[in-house]
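Undergrad: Here it is, the structure, as structure tokens.
Taken together, the values in this text are just the output of simple stated rules run on the coordinates, not laboratory data. Since this is a predicted model, take the numbers as computed values, not measurements. Please note: Cβ atoms are built from the backbone with ideal geometry, for glycine as well, and neighbour counts cover all protein chains shown.
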Amino acid sequence: MEYLGLHTLRATSTGDTEAVSALFAQFINCTYRSYALEERWLSAWTPLDREAHVREHTHLIELTTELYMNFMADDRLTCASIRRALEEAFLPHIFIRDRALLPCHHTVSP
């Protein structure tokens, strides 16, 4: 997910809307699968901030839906919105919140 997020971010700088669309679609798919697995792990060990983490996922999924729908109307404007969302919401969540969970992931069986 991290790789796809960074790759999509780089694509937003090229102006290649087809590449951004394809990469963002892959990122969305990966995000949904990742969040489902993460939330399963979270429910297994129930940390104090589990609900906050799940709320972040809900917000990011809503943002994803909004961005993808907007992409159909105005791809250039939405490329900038996708870039901003990746920089301000998705990648910070991955790099900070999800990485903080890594030690816990090793204690729960898949």
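Undergrad: Within the chain, which DSSP H helices have Cα atoms that stretch 27 Å or more along the helix axis and a mean Kyte-Doolittle hydropathy of at least -1.0?
TA: Correct list, ordered by number: 17-45, 50-73.
Undergrad: Please state the charge dipole magnitude for the chain, taken about the Cα centre, from unit charges on C-beta atoms (+1 on K and R, -1 on D and E), reported in debye and rounded to the nearest 20.
TA: That gives the chain a dipole magnitude of about 240 debye.
Undergrad: Multiplying the sequence separation of Ala52 and Asn29 by 0.36 nm and subtracting their Cα-Cα distance, what value in nm do you get? Intermediate results must be reported in sequence, preceding the final value.
TA: Working: separation 23, 0.36 × 23 = 8.28 nm, distance 2.21 nm.
So the extension gain works out to 6.1 nm.
Undergrad: Roughly what would the spin-label model give for Tyr3 and Asp16, points 7 Å off Cα along C-beta, in nm?
TA: For the pair Tyr3/Asp16, the computed spacing is 1.7 nm.
Undergrad: Given C-alpha coordinates of the chain, what is the ratio Rg to Rh with the Kirkwood estimate of Rh?
TA: 1.01
Undergrad: Rounded, prolate or oblate for segment 2-64? Axes are the square roots of the Cα gyration tensor eigenvalues, ordered a ≥ b ≥ c, and the cut-off for rounded is a/c under 1.5.
TA: Since a/c reaches 1.5 and a/b is larger than b/c, the shape of segment 2-64 is classed as prolate.
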